[in-house]
Structure formats: structure tokens, C-alpha cells
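Below: one structure, written as C-alpha cells.
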Amino acid sequence: GQAAQDRLWTREVPARLVAEAKPEPARRKVVVSSSGAAKAPAGRFFVQVGSFAVAENAARSRAKLAGLGLPVATGAGSIKGKPVQVVRAGPFATEAEARAALAAARGAGFADAFVK
């Protein structure tokens, strides 16, 4: 909830990371891959917030992430043969930083966001 997020992020805009998140207990690792997508190098994590066929929607998402104080990365992809823009926050050096960014992204309305 909000109290947990306050331990990691400031409430000012843009938000700043104020504490390193503690690692979560070990869980079963889920590997997600999509055709044609390059995997992030070891130690580099991203929070994927969406894949957009409409450029304006991708631009709004990038602006929202930037407004949270998160670094923004975009890439090209395809879904069922249709081109899409993939919007991510990152890169983050540690999974803990990515998890904190994931919490911020979900709090901003990106309910389907995930760490990649």
C-alpha cells in the first residue's frame, strides 16, 4: 500500500528512490519471452508497462512514467503481425530497484506492468 511505497519513494514529482527495497523471498522464477525481443543483459531490469499500436497512447505512457521520475525506454515489437511500440521503465541495475519502480507504475494506473 501507500505506506510501503512511502518507504521507497518520495511523494514529490518527479519521485525519487529513497531506500533500497529488501529482496523478496525466493519464488519460482517465471521466464517470459516474446518472438524477436532481445533479452536484457544480466543485472539490467525493466518494468514493461504496455505495448501500444497507437503512437499517441505510447507517448502518453512515456510521459506518465517520466512524470513519476522513472527512466523511460521504448522499443518496437509486433503482436499478431501488427507493429507496436513497447514502453518500459528502466533500465534498473537491481531487481529491487525494478520492483520499486513496478510498485510506482502500478500505482500510476499501469495495472498489468511487470518486471522483465
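The values are calculated or read from the model by the stated rules, or taken from the named source; none is laboratory data. Computed from a predicted structure; not experimentally measured. Here the Cβ is made from the backbone with ideal geometry for all residues, glycine too, and neighbour counts use every protein chain on show. For the accessible areas, the whole protein counts, side chains as well, though only heavy atoms, and no ligand, DNA or RNA atoms are used. Shrake-Rupley method; radii C 1.70, N 1.55, O 1.52, S 1.80 Å.
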Qualifying residue in segment 98-111 (condition: among the charged types (D, E, K, R) and under 19 Å from VAL13 (Cβ atoms)): yes
Condition met for ARG11 (assigned to a loop (DSSP other than H, G, I, E, B), modelled with pLDDT of 65 or more and either open to solvent by 40 Å² or more (accessible area, probe 1.4 Å) or touching a strand residue (DSSP E or B) at 6+ places or on another chain (Cβ under 6 Å) (or both)): yes
Selected residue (criterion: farthest from PRO14 (Cα to Cα)) from residues of segment 54-79 that are polar (S, T, N, Q) and part of a strand (DSSP E or B): SER78
Every residue from segment 80-116 that is under 18 Å from PHE45 (Cβ atoms), assigned to a strand (DSSP E or B) and not aliphatic (A, V, I, L, M): ARG88, GLY90, PRO91, PHE92, PHE114
Neighbours by Cβ (under 9 Å, 6+ apart or cross-chain): first from segment 6-24, on the phi > 0 side of the Ramachandran plot; second at pLDDT 70 or above and open to solvent by 40 Å² or more (accessible area, probe 1.4 Å): none
Inter-residue pairs, beta-carbon under 8 Å, first of a type in the set (Ser, Thr, Tyr) and in segment 88-116, second open to solvent by 60 Å² or more (accessible area, probe 1.4 Å) and assigned to a loop (DSSP other than H, G, I, E, B), 6+ apart: THR94/GLU20
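Would you point out which residue out of ARG16, ARG27 is open to solvent by 60 Å² or more (accessible area, probe 1.4 Å), modelled with pLDDT under 90 and in contact with a Ser or Thr (Cβ under 6 Å, 6 or more places away or on another chain)?
Checking each option against the conditions leaves just ARG16.
Take LYS82 and decide whether it is out of contact with any strand residue (DSSP E or B) (no Cβ under 8 Å at 6 or more places or on another chain), closer than 19 Å to THR10 by Cβ and open to solvent by 30 Å² or more (accessible area, probe 1.4 Å).
no
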